[in-house]
Structure formats: C-alpha cells, structure tokens
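Please read the structure below before turning to the comments.
The values are calculated or read from the model by the stated rules, or taken from the named source; none is laboratory data. All values derive from a computational prediction rather than experimental measurement. For neighbour counting, all protein chains shown are included, and Cβ atoms are generated from backbone atoms with ideal geometry for every residue, glycine included. Surface accessibility is based on the protein's heavy atoms, side chains included, excluding ligands, DNA and RNA. Shrake-Rupley method; radii C 1.70, N 1.55, O 1.52, S 1.80 Å.
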Amino acid sequence: MATLTVLGSINVDHVAQVDHFPRPGETLTANQYQTVAGGKGANQAVAAARLGARTTLIGCVGEDAIGTQMVAQLAADGIDTGAIDAVPGQSTGLAMIYVDSKGENSIGIWPGANAALSTERVERHQKRITEADLLLLQLETPVESLERAAELARKAGTRVVLNPAPARTLPDSLLRHIDILTPNETEAEQLTGIAIGTLEDADRAASALHERFGISTVIITLGKRGVWLSQDGQGEHIVGFVVEAVDTTAAGDTFNGAMVTALLEAQPMAQAIRFAQAAAALSVTRMGAQSSIPNRDEVMALLAEQN
Ligand code: RIB
C-alpha cells in the first residue's frame, strides 16, 4: 500500500459560534463554545487516514495534557504518531476560531510547539519522508523546515504536495521543489499578484506558477465555484457539490487529505479532485475541524448520489 507523510501543525481549536464577527471594541457572547482537535497538518493527516491512506504525521505538541490527548486522538484515527515530538517548555499550538451564522470563520493562531518543528527535527525524522510515496505540507510550521523536507523528498523521488495555507509569501527555493500546489483564491493571488475574479484569472495564475517555479500541477480551489485544475498549462474547470454550509473550518484540509489519498490509489487527477470535493462538501455540513471530517463510506455515498 502506498504511504503518505504529512508534515505540519497540531492545534487545539477553541471554537465560538457567534451571530457575527466581533467588531473592534465590541464584546460578544457566543451561542456555543467547544474545543476541537485541529491544526492544518493534523487535519490533513486525519482526512487522509479516515479515507484510507496509510499516514504518518511529523509534528510537535507541547509537553502538556492537551498535547498528549491530541496525539492519542491522532493514533486512534490510525495515524503513525512516532514522529510527533513533545517539546519541553512549550505549550501545544492553539487556534481561536469564531464561526458566524453563515458558516464563515475568522481564525487567530498561537503556534506554541509548532514553531519548534526545526530543520534538525525534520532531519531526525527524514526516513519517514524519503520512504514515503508522497509528502503533504502546509504553512503553519517554520518555512525553512518545509524547504528542507521538500528538498529531502525531491532527492528521494517522493512526490511533494504543498497546500500554501495560510496565505504568505514564499521563497522560490521552496516552490521549486513542489510537484502539486493547491492554493485557494487568496493564496494564489499572494503567490502570483493576480487577483482571481474569473476562471481566466485562475488560468493565468496557474500558468504563472508553472512558468516561474516549474510546478507541474496547480489546483486552485474556488470555494462554491469548484476547482481550477491546470496540468502543465492544460486547464480544466471542475464544479463542486451543492451543500448547506454550517462551518467551513478545515474544508481545505479535508480537500487536500482526500485528494492525496485518491492520488496514492492511482486515481486519475480529475477523479481524485471529485473525491476530494465530496469529502470537503461533507465537512462543511458539520461543526469543527477534525470533528467534521467524513469517513470513506460517507464520501462514496455522496459521490454515488451526486455524480
Ligand atoms: O484549516 C483549519 C485549521 O486552521 C484549524 O483547525 C486551526 O487549527 C487552524 O490551524
């Protein structure tokens, strides 16, 4: 069975449901509050594991009770947690999340132990990268470590997928090691300077990413409008699923974890994207990050119903 290594963040999410996002100076009482397992790296690993990929997560938690609990939950999802370090003197990363009545979110992060995912740690766990078939990265851990991981993967022939979230500028030296890039509209604009209003804009942004960095596959997620897939400059629009959104948190993470799972099963790219869209659509119908990620049977049922 093909193997996946995810390298990324582990957070505990403090989620408050509100009618609207608080304005500067405003104090709001939430309608509901819960703590949920989150972090982009962990969410993507959970999505892949629940959907059938053999998954390892490289990451860091604090030496605290919540960190121990998060690692136990990841192991219960079937993830190999042997490369998750508990960092002395650090607290586990956390996210403060408001979800409004439209299901949109606003997120503030405290990186905590995620900031300790250094190049030394990556090198210590390098076997898990070089022996994997695919490495999946995001941007909530130090960029120099992502660069080192991508470089190790490239040398070993491990395919590298980068979900460039949350949006930030990136060194060319990282982007040049990427095989598949999966930005949303904001992230694509951040990387190319092209605002994504139309499908033509998405096509131009994808072409810029192919040309500037040699990235062979660019997948721009467009929210309700679906996905723009560009493979070596050949563009294609793939429409999504229609669902009632309750909370969009971790929809992108579910998409990425599901897509790489399908690719590791040698599904063709457009089919892998439909699989990922179905998984992400299900996730937005539920509250929270890992609490919203579906299993394989649920995804297959939605695909059978709406394909
Ligand atoms: O992508 C959603 C995630 O972003 C949340 O789980 C939160 O932890 C932040 O990392």
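Annotations
- Global form of the stretch 110-177, assessed from the alpha-carbon gyration tensor, a/c cut-off 1.5: oblate
- When Trp228, Trp110 are compared by accessible area of protein heavy atoms, the largest-first order is Trp110, Trp228, using a 1.4 Å probe.
- Packing-based order for 153-164, 56-67, 236-247, 119-130, using average beta carbon neighbours within 10 Å, highest first: 56-67, 153-164, 119-130, 236-247
- For the chain, the membrane-span-like helix rule (DSSP H, alpha carbon extent of at least 18 Å along the helix axis, mean Kyte-Doolittle at least 0.0) picks out 251-264, 269-283; this says nothing about an actual membrane.
- When Rg and the Kirkwood radius Rh are both evaluated on Cα atoms of the stretch 227-295, their ratio Rg/Rh stands at 1.00.
- Computed over the stretch 222-262, the percent of Cα pairs more than 11 Å apart is 73.
- Only helices enter this figure: runs of n ≥ 4 DSSP H residues, each worth -39500 (n - 2.57), summed and divided by the residues of the chain, yield -11000 deg cm²/dmol at 222 nm to the nearest 500.
- Solvent-accessible area per residue, Å², over the chain with all protein chains present [probe radius 1.4 Å]: 41 Å²
- With all protein chains in place and a 1.4 Å probe, the accessible surface of the chain carries 49 percent carbon and sulfur.
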